[in-house]
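No value in this document is a laboratory result; all are computed from the given coordinates. Just so you know, these numbers come straight off a predicted model, no measurement behind them. We place every Cβ from the backbone using ideal geometry, glycine too, and count neighbours over all the protein chains shown.
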């Protein structure tokens, strides 16, 4: 599926990847918070189950600093992304069934040497803030914006 780019493609610091367009509310929350931080980002809807080769190609060719994977149910998306890159991956579990616990456990129970950070169920805003905190190590001017948002 095609991207909704927030800036000229290739200049983004973060890629938001959602497994389904049904996750649009969480994608929007994440995107709005990243925009408040002034972080350029790209939005993709690519399923790890239905389009694994498309996802593989996107991750392997992307120049972003960090990925945010948004997924429900078995929530394989963040782990699949992490298996392809050594850049940070933040998973956002989505409440589809079981209060999102199934998705949360799928994201946090990764095998050794394939870490995925995980925020609370449906909490794309925290994923965006965590992404900003990680990137502030490389871009120190982000710290003030993060402090302002956290107030």
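If you take the Cα centroid of the stretch 27-92 and the Cα centroid of the stretch 112-151, the two points sit 14 Å apart. Ordering 15-26, 112-123, 51-62, 70-81 by mean Cβ neighbour count within 10 Å, with the highest value first, yields 70-81, 15-26, 112-123, 51-62. Using the Cβ-Cβ distance between residue 63 and residue 114 with R0 = 25 Å, the FRET efficiency computed as 1/(1 + (r/R0)^6) comes to roughly 0.70.
How much length is gained on full extension from residue 35 to residue 86, taking 0.36 nm per residue of separation minus their Cα-Cα distance? Before the final figure, lay out each step's value.
Values: separation 51, 0.36 × 51 = 18.36 nm, distance 2.46 nm.
Full extension from residue 35 to residue 86 adds 15.9 nm.
Return 49, 41 ranked ascending by Cβ neighbour count within 10 Å, so the fewest neighbours appear first.
Working: 49 14, 41 23.
Going from sparsest to densest Cβ surroundings: 49, 41.
For the pair residue 53 and residue 147, what calculated FRET efficiency results from E = 1/(1 + (r/R0)^6), where r is the Cβ-Cβ distance and R0 = 30 Å, to the nearest 0.05? Once rounded, the FRET efficiency stands at 0.15.
Over the stretch 98-151, the Kirkwood radius and the radius of gyration, each from Cα atoms, give a ratio Rg/Rh of 1.08.
Give the percent of DSSP beta bridges with both residues in the chain that are antiparallel, rounded to the nearest 5.
Numbers: 2 of 20 bridges.
Around 10 percent antiparallel, to the nearest 5.
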